[in-house]
1. Answer yes if at least one residue in region 30-53 is part of a strand (DSSP E or B) and in contact (Cβ under 8 Å) with a residue 12 or more places away in the chain, and no otherwise.
2. Which residue out of 21, 48 is more than 22 Å from the chain's Cα centre (by Cα), hydrophobic (A, V, I, L, M, F, W, C) and over 30 Å from residue 154 (Cα atoms)?
3. With under 21 Å from residue 22 (Cβ atoms), outside the structural domain of residue 164 (by TED's automatic domain parsing) and out of contact with any Asp or Glu (no Cβ under 6 Å at 6 or more places or on another chain) as the only criterion, which of 52, 123 stands out?
4. Against the conditions (1) of a type in the set (S, T, N, Q); (2) modelled with pLDDT under 95; (3) surrounded by fewer than 13 Cβ atoms within 10 Å (Cβ to Cβ), where does residue 52 fall short? Just the number, please.
5. State whether the residues of region 28-44 include one that is hydroxyl-bearing (Ser, Thr, Tyr) and closer than 20 Å to residue 180 by Cβ.
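The values are calculated or read from the model by the stated rules, or taken from the named source; none is laboratory data. All figures in this text were calculated on a predicted structure; none of them were measured in a lab. Cβ sites come from the backbone with ideal geometry, for glycine too, and all protein chains shown count toward neighbours.
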Amino acid sequence: MRSLRHTIADDLRSQITTGELTAGTRLPSEPQLATHYKVSTPTLRNALALLQAEGLIEKIHGKGNFVRHPLRRLTYTGGRLTPDGDLHVTIRTTNLRARGHLIPLLKVPSRALLTEFFCVTHQGESPHSLARIYVPRDLAPAELHWHRSGVSQSRDRVSARLPTPEEASTLRISSALAVLSITRVSTDNTGRVVEAALLVLPSDRTDALFDTHHVTNEKGQEG
């Protein structure tokens, strides 16, 4: 027997997929929905969380729950994000000093001068993904360039995890939805770190593509 939260989620999902509830529609308030389905507010919120995790609805603080527009997908390959459809980016620039995890990440002394570019990709009015990009202050450009010159090598560390409360709030996603966390460190030909990028990509709208190049030796064997 299905739980109440799954039964409620099934009903709302059906209304969304059949077009009864269209993209951009504001759902009734949570107390109204709880009364309609004759459940407690926590049970109702658990049902909504399932739909948030599926990318069908989003909760906007102070406004309520809305049916999402179909999600654009991003493909991450070779250090580049390729969007499927029209997305736009807002960038906030902050000057700060290295501390905590930034010190070993950029291989700089404590309190070294850095510039942070905080980037949020949007689909319409809805946040889609985010990135924090750190550059030593003496190398920081006036404007962020997605493909920096002088980079000799880049290394990506990719992991799946749950979002932090700040990330879930910024991206308007459920705290139960896994995100793809990518740490990309770029160095120049002297080995100096010239940029470190921390990307957070929700799993319901991201594909990661990895290319493997096989080297064949003179005898025709892969090495």
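1. Within region 30-53, none of the residues are part of a strand (DSSP E or B) and in contact (Cβ under 8 Å) with a residue 12 or more places away in the chain.
2. Unique residue meeting the criteria: 21.
3. Selected residue: 52, the only one of 52, 123 that is under 21 Å from residue 22 (Cβ atoms), outside the structural domain of residue 164 (by TED's automatic domain parsing) and out of contact with any Asp or Glu (no Cβ under 6 Å at 6 or more places or on another chain).
4. (3)
5. For region 28-44, residues hydroxyl-bearing (Ser, Thr, Tyr) and closer than 20 Å to residue 180 by Cβ: absent.
The rows are residues; the columns are (1) at pLDDT 95 or above; (2) surrounded by 16 or more Cβ atoms within 10 Å (Cβ to Cβ); (3) among the acidic types (Asp, Glu).
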| site | (1), (2), (3) |
| --- | --- |
| 2 | no, no, no |
| 11 | yes, no, yes |
| 18 | no, no, no |
| 23 | no, no, no |
| 32 | yes, no, no |
